[in-house]
Amino acid sequence: MSLILQNITKHVTLTPVEEQLFLSKIETHHFKAKSLLLNSGQVCKYSYFVNSGILRSFNINDNIVEHVLNFACEGWWIGDMYSLISQKPGALFIEVLEDAEVVLLSKENQEQLYIEIPKLERFFRILTENSLVANQERLIDNLSLSAEERFEKFCKKYPSLIQKVPQKHIASYIGVTPEFFSKMKSRLLRR
């Protein structure tokens with residue numbers, strides 16, 4: 001069974017006919033590292049599912065500082081939720097960090113699948129709820145935890161990324177400068 005169908009099966013069960021209908025509505029593409037799947041200011045037209053590789057979503061502020069919002073590795077979904085739902089230009093970039101195979105589900109096909117396979121509406125509602133909970137938890141963590149504690153949570157959430165993702169992106173995700181991150185990591189290793 002394909003990885004994306006396994007992902008769906010965690011929350012809903014599709015019949016073989018429904019699986020085939022779903023598979024007919026998606027596209028699989030290969031992207032090289034450093035490819036941008038979405039630029040800030042564009043309307044997000046797809047939900048992205050990672051079959052292999054690593055993606056990140058980030059924003060660039062007025063001072064040209066990057067702020068990493070999310071990483072997505074094998075078996076994870078990513079997108080600009082604001083733009084995808086509102087169909088207005090978003091503020092996020094989505095970049096391929098490591099050569100990737102990515103499944104694209106267009107907003108149009110997703111809406112059509114909600115009608116043809118109502119359980120998929122439940123599936124995507126669960127994903128959206130989980131995303132909302134994770135974002136709220138991250139916001140609270142950023143307000144209440146030290147940088148070291150945020151890094152420890154990152155290590156637990158993304159254990160496979162520690163060695164694969166540039167440290168500057170991890171630093172950005174936990175909300176510190178690369179220089180501070182390097183010193184903090186050295187302190188942690190000395191313990």
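Taken together, the values in this text are just the output of simple stated rules run on the coordinates, not laboratory data. Note that the structure is predicted; figures quoted are calculated from it, not measured. With ideal geometry, Cβ positions are generated from the backbone for all residues, glycine too; neighbour counts draw on all protein chains shown.
Backbone phi angles across the range 172-178, fed through the Karplus curve with coefficients 6.51, -1.76 and 1.60 (θ = phi - 60°), yield HN-Hα couplings of 4, 4, 8, x, 10, 6, x Hz in residue order; Gly and Pro are listed as x. Computing FRET efficiency as 1/(1 + (r/R0)^6) for residue 85 and residue 9, where r is the C-beta to C-beta distance and R0 is 25 Å, gives about 0.55. Checking the cross-link pairs 156/185; 107/157; 10/34; 25/45 against a 21 Å limit on the alpha carbon distance flags 107/157; 10/34 as lying beyond it. Helical runs assigned H by DSSP (4 residues or longer) give the chain a calculated mean residue ellipticity at 222 nm of -14500 deg cm²/dmol, each run adding -39500 (n - 2.57) before division by the residue total.
Using 13 Å as the cut-off for backbone N distance, which residues of the range 131-171 belong to the label zone defined by a point 7 Å from the Cα of residue 179 along Cα→Cβ? No residue qualifies, since no backbone N sits under 13 Å from the label point. Measure nothing fancy, just the Cα-based angle from helix 118-144's long axis to the longest principal axis of the chain, in degrees from 0 to 90, nearest 10. For 118-144 against the chain, the angle is about 10 degrees.
Relative contact order, whole percent, for the range 3-116 stands at 38, derived from Cα pairs under 8 Å and 6 or more residues apart. Using a simple spin-label model with pseudo-atoms 7 Å out from Cα toward Cβ, residue 125 and residue 145 lie 3.0 nm apart.
Relative contact order, percent, of the chain when contacts are C-alpha pairs under 8 Å separated by at least 6 residues? List each step's numbers first, then the result.
Values: 274 pairs, mean separation 45.1, N = 191.
Here the relative contact order equals 24 percent.
Put a dot 7 Å past the Cα of residue 106, heading toward its Cβ, do the same for residue 67, and the two dots end up 3.3 nm apart. Annotation: extensible slack from residue 35 through residue 116 equals 25.9 nm (criterion: 0.36 nm per residue apart, minus Cα-Cα distance).
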